[in-house]
Amino acid sequence: MGFEQLAELKKQLAAARAAAESAGKPDRQSAARPASKSAGKPASNPGSHPDRGANPGTKPGGRPGAKPAANAGARPDGKPGARAGRSQPARHAAPADAKPVDPVVRSIGRLQKRFPVAFPKNPAPKLPLKIGVFEDLVVHAKELSLSEAELRDAIKTWCRGGRYWKSLVEGAARVDLAGVEAGKVTAQEAAGAQRLLAHRAAKGAQKAAEATASPDAPAAAASTDAQAQTSAQDDPQATAPASAPSQA
C-alpha cells in the first residue's frame, strides 16, 4: 500500500471520528443538564422553601427547636396550662363562720368618719350631744347614704352605754356635729345617767355572783340581763339621758 492510500485512509478515519463526536455531543448535553439540576436541589425538599416538609420541631440544619419542649405543659384544648415546676397559689376562701357586720355598727362607723369630733372612736371618751342633733343628721342623710331609720338607730345605740352615760356630768358642754358647744347637761340629765350606771354595775355584780354559785348560772344570768335591758328601754324615765339628743 502506498503513501497516498494511507493518507486517504487517515482522512476517512478522521472524518468518521469527527462525525461520531458531533452526533454524540447533543445527547451528552441533554443527559448532563437534568442531572446537574437535580443534583443542585436538596433531595428532601418537596417544595420551593428549603425548610418546608421538614419536621416542625426541627430547625434547618437538623437542630431541634425549643418551642415544642416549652409547650409540653399546654392543655389538650389549646389553652395555656400551668408551667411545669411551678405550683399555683392556693385561693384563700372566706371563713364559713365569719359573722356579718351589724348594720348599726356600720352606720356608726360612717358617722365617726364624717363627724370625728362629735363621734370619737374608742377609747376616747364620748361627748354629750346637743338636744336635736338627730335633726341635724337628717340633713346629711343623703351624703352619708343612710336612711332616717338607720340614723335613728345609730343615735340610740351611740347614746346608750357606759361611755356615753359617764359624759353626762352636770354642767358639761353639749356639742353639735362640728364639735361646737350647743347647750349644757342639766342636773336632772346627770342624775338619770348616774342611775343607769348604778343599774348596770349592780347587774354586773349579780351576774358574777351567780356565775360563781352555779355552773348553769351564765345562761340564767344572760336571760335576766336581756329582760332587764328590755324593761329599761321601755321605761322612758330611765332612758331619758340616752335618747335626749335625738329629741327636738
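The values are calculated or read from the model by the stated rules, or taken from the named source; none is laboratory data. Every value quoted in this text rests on a predicted model; they were computed, and no experiment measured them. Every residue, glycine as well, gets a Cβ built from its backbone with ideal geometry; the counts of neighbours run over all protein chains shown.
Assorted remarks:
- Unmet criterion (only one of (1) within 20 Å of residue 134 (Cβ to Cβ); (2) under 46 Å from the mean Cα position of the chain (by Cα); (3) at pLDDT below 55; (4) surrounded by fewer than 17 Cβ atoms within 10 Å (Cβ to Cβ)) for residue 238: (2)
- Residue match in segment 148-171 (condition: at pLDDT 95 or above, surrounded by fewer than 18 Cβ atoms within 10 Å (Cβ to Cβ), under 37 Å from the mean Cα position of the chain (by Cα) and small (Gly, Ala, Ser)): yes
- Given (1) touching a residue at least 40 places away in the same chain (Cβ under 8 Å); (2) under 16 Å from residue 180 (Cα atoms), index of the condition residue 153 fails: (2)
- Selection of segment 129-143 for residues being without any contact (Cβ under 8 Å) to a residue 40 or more places away in the chain and out of contact with any Ser or Thr (no Cβ under 8 Å at 6 or more places or on another chain) yields 138, 139, 140, 142, 143.
- Matching entry among 91, 110 (being modelled with pLDDT of 85 or more and within 24 Å of the chain's Cα centre (by Cα)): 110
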